[in-house]
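Chemist: Got a structure here, written out as structure tokens. Questions coming.
The values are calculated or read from the model by the stated rules, or taken from the named source; none is laboratory data. None of these values were measured; they are calculated from a predicted model. Methodologically, a virtual Cβ is constructed for each residue, glycine included, from the backbone with ideal geometry; neighbour enumeration extends over all protein chains shown.
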């Protein structure tokens, strides 16, 4: 019952509180012996070809740890995404019912580049962006994540509305090439997962990430309400960063 209440509450969040909502999956993986990230990317691209042929509305990206602790049990994360629930289940159905038959027809045996042991799914709500043209973006881009717990009486809608408003302040202050999302648990989480959502900040280039790092404190001095309001909404911990790149996108 609690799970259903959470789902219905998420579905009720108003459009004004977010730019868009998608569904994301994350697979936590280790490289197999003698394999590299380039092998992983090549195999993902191969699945992208099948996904496109099958008509799936699906994209995949890869994340590699930058500052994510000393004891990571994984080498990389595969991030998949669909624009909506129907697309998600269509792609899952295509994968389990058609992909291995398609692979057998290729007559090209492929040794798996990695082994993935954990898969989770979350609602992905984009709350604010100031995008730059695609041809100006780095191939590998910086991402920063944190696990967050809502303060008493605060809702996810409060978080999204506030982040959208803060995003407008950031745009006015000249911050470019960034985005902010909140990810809310959907499937695969353990019962003892202690958080309400995952916060993601990303930048389209490392140069823009560096500019944000050097000017953020000055921005907060000019807009102290940003930090005050953020701290009143939620407490976040386990800050960690990754480098990520898009491998294929069949959602157009």
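Chemist: Answer yes if at least one residue in region 225-232 is surrounded by 12 or more Cβ atoms within 10 Å (Cβ to Cβ) and free of Cβ contacts under 8 Å to residues at least 60 places away in the same chain, and no otherwise.
Modeler: Among the residues of region 225-232, at least one is surrounded by 12 or more Cβ atoms within 10 Å (Cβ to Cβ) and free of Cβ contacts under 8 Å to residues at least 60 places away in the same chain, which makes the answer yes.
Chemist: Next question, about the same structure. Residue 251 versus (1) within 24 Å of residue 70 (Cα to Cα); (2) in a loop (DSSP other than H, G, I, E, B); (3) in contact (Cβ under 8 Å) with a residue 24 or more places away in the chain: which is the lone unmet condition?
Modeler: The number of the failed condition is (1).
One line per residue, one yes/no per condition, for (1) farther than 26 Å from residue 125 by Cα; (2) buried (at least 17 other Cβ atoms within 10 Å of the Cβ):
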position: 42; (1), (2): yes, no
position: 51; (1), (2): no, yes
position: 55; (1), (2): no, no
position: 79; (1), (2): no, yes
position: 83; (1), (2): no, no
position: 86; (1), (2): no, no
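Chemist: Yes or no: region 203-217 includes at least one residue that is surrounded by fewer than 18 Cβ atoms within 10 Å (Cβ to Cβ), assigned to a helix (DSSP H, G or I), touching a helix residue (DSSP H, G or I) at 6+ places or on another chain (Cβ under 6 Å) and at pLDDT 95 or above.
Modeler: Scanning region 203-217 turns up no residue that is surrounded by fewer than 18 Cβ atoms within 10 Å (Cβ to Cβ), assigned to a helix (DSSP H, G or I), touching a helix residue (DSSP H, G or I) at 6+ places or on another chain (Cβ under 6 Å) and at pLDDT 95 or above.
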